[in-house]
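Okay, so here's the structure we're looking at.
The values are calculated or read from the model by the stated rules, or taken from the named source; none is laboratory data. Because the structure is predicted, anything quoted here is derived from the model rather than measured. As a convention, Cβ positions derive from the backbone with ideal geometry for all residues, glycine included, and neighbour counts pool all protein chains shown. Accessible surface areas use protein heavy atoms only, side chains included; no ligands, DNA or RNA. Shrake-Rupley method; radii C 1.70, N 1.55, O 1.52, S 1.80 Å.
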Amino acid sequence: MASDNLKTQKTFLKMRKEYDFSIEVVILMVFAVFMLVFGFLLFKIHTGDLPYAPDSTYGLFLVIVSFQIITMGKTPFGDFRRSWALIIIGICAAIIGMVACFVPGYLSGLVRMLVGIILFAGGIALLVQLFASKEKAKTWMKVPGILQQLTIACGIVYVITLISGLVTLFPGITTDPQTALILIIYGISFFYLSWCIHKVSKVYPEEQDDLLLNKLNSDSSKSKLFAFFQETSLHLTPAILLLLGVLLVLLGVLLFPVNLGLIPFSPDGQLGLLLVIIAIQMMALGSTPVGQYNRSWLLILIGIVFAALGIFSCIVPGILTDVLRIFLGVLNILGGVILLIKQFLPKLYEIRKPSSQLGEVPPIAKKLSFTQTLLNFVAIVFGLTMLLPYLIPGLIMAGILVINGMLLFLLAAILQKITMIGISGGQPAENPV
């Protein structure tokens with residue numbers, strides 16, 4: 001019995017150990033979960049045992065693609081310089097996907113065609129780049145080990161991507177069970193690719209951030225006319241907050257006509273999309289609704305479960321609606337309360353036991369603290385409205401969501417400024433998230 005307890009403790013400690021998945025690996029894992037969940041559900045959808053929401057399914061796919069574009073500069077057609085021009089393209093793709101998730105029936109044909117073109121044309125483009133570029137397959141296959149596996153994984157994913165694009169553009173060329181099988185294989189291949197990329201990053205570590213900063217500084221000395229198309233210094237946390245801010249502002253704006261009865265609304269698409277974004281934040285940053293934690297295997301597994309629940313909600317409406325609404329409501333309330341306590345307890349201690357060593361708080365730190373305080377209060381209000389939908393009138397709630405999104409834009413700008421001050425040699429700040 002004692003040995004069993006020791007093994008359990010060792011396993012738990014191993015799961016809690018810091019695990020540094022890159023944002024690329026995280027998004028590939030989310031794609032893998034998306035394809036696997038969609039594939040297995042499609043068998044039941046085909047028999048009529050489950051309903052199906054194609055708009056929010058395709059919309060969620062576009063939002064995940066936009067994450068790649070905004071955070072890494074990786075597009076379905078290849079890697080590009082992550083400029084503000086490319087980020088805006090990613091935000092536009094995200095907006096189309098979000099509208100499809102929130103408002104069913106209006107963008108059905110558009111999102112299906114967009115997803116089909118992205119998959120088909122993207123699969124062809126990536127395959128050509130893989131085997132035509134001297135820096136990819138031609139070099140990788142000469143090195144035994146993980147690089148050869150990476151070539152195989154990329155080839156499998158790109159071929160299935162092409163096939164999935166054809167199936168999306170011309171649904172009649174396969175039966176639903178055949179499409180489901182393709183999606184399951186697609187999901188497994190995404191997991192394989194994410195594992196290969198993670199291993200490659202360990203064997204062949206990338207350049208340090210200071211080299212990237214030197215490149216950015218050299219770019220900034222060029223003509224301002226082309227600054228819009230040059231590499232941007234937008235960091236990961238502000239990039240994700242930017243996308244989340246777009247989501248909340250868009251959701252708030254759409255809720256005005258929804259509450260007036262002018263357009264339909266899909267709560268399942270809303271809840272599912274929010275849960276998937278929370279999952280990406282957890283796996284990529286260790287940022288959860290109830291605070292910041294080390295990225296461990298335990299947190300990664302929880303993030304995968306969150307992503308699976310969100311994807312299920314987007315694909316199959318009406319089954320998890322109440323469960324997810326209560327779950328997200330409780331998370332927002334707990335998160336807001338816990339973060340407020342963490343924020344103000346140290347300040348109360350300082351007031352009761354003042355220290356002469358405390359210096360003046362920088363203005364940007366005050367601005368950060370004030371913004372986080374407002375966001376925590378808004379999170380509590382948002383959580384209460386999820387638990388008690390009739391607590392606040394719909395139009396007022398729509399306005400609150402818009403304000404919440406604006407605050408996230410402000411928080412992203414503050415964090416970006418703090419990060420750049422720290423990297424450029426100014427006074428470094430502690431991790432504020």
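General remarks:
- With the highest mean first, a sort of the peptides 261-267, 24-30, 121-127 on other beta-carbon atoms found within 10 angstrom per residue produces 24-30, 121-127, 261-267.
- Spin-label model, GLN148/VAL128: points 7 Å from Cα along the beta carbon direction are separated by 2.9 nm.
- Distant-in-sequence amide contacts of ILE263, defined by a placed amide H-H separation under 5 Å and a gap of 5 or more residues or a different chain, comprise VAL258.
- Sites listed here are trypsin sites (Lys or Arg not before Pro) in segment 78-143 whose DSSP assignment is loop and whose Cβ has at most 15 other Cβ atoms within 10 Å: ARG81, LYS134, LYS142.
- Per-residue HN-Hα couplings for segment 110-127 [Karplus 6.51, -1.76, 1.60; θ = phi - 60°; Hz; x = Gly/Pro]: 5, 5, 5, 5, 4, 5, x, 5, 4, 5, 5, 5, x, x, 5, 4, 5, 5
- Separation of segment 50-109 from segment 379-419 is 22 Å, based on Cα centroids.
- Sparse-neighbourhood loop sites, chymotrypsin sites (Phe, Trp or Tyr not before Pro) in segment 378-415 - DSSP loop, at most 15 other Cβ within 10 angstrom: TYR390
- Sorted largest first by accessible area at a 1.4 angstrom probe radius, with every protein chain in place, the residues TYR52, TYR293 fall in the order TYR293, TYR52.
- Taking amide H positions as modeled 1.01 Å from N, with prolines and chain starts lacking one, no residue 5 or more places away or on another chain lies under 5 Å from GLY291.
- Residue-normalised accessible area of segment 113-155, given per residue in Å² at a 1.4 Å probe: 52
- Under the Karplus curve 6.51 cos²θ - 1.76 cosθ + 1.60, θ = phi - 60°, whole-Hz ³J(HN,Hα) for segment 62-76, x wherever Gly or Pro sits: 4, 5, 5, 4, 5, 4, 4, 5, 6, 8, 10, x, 8, 10, x
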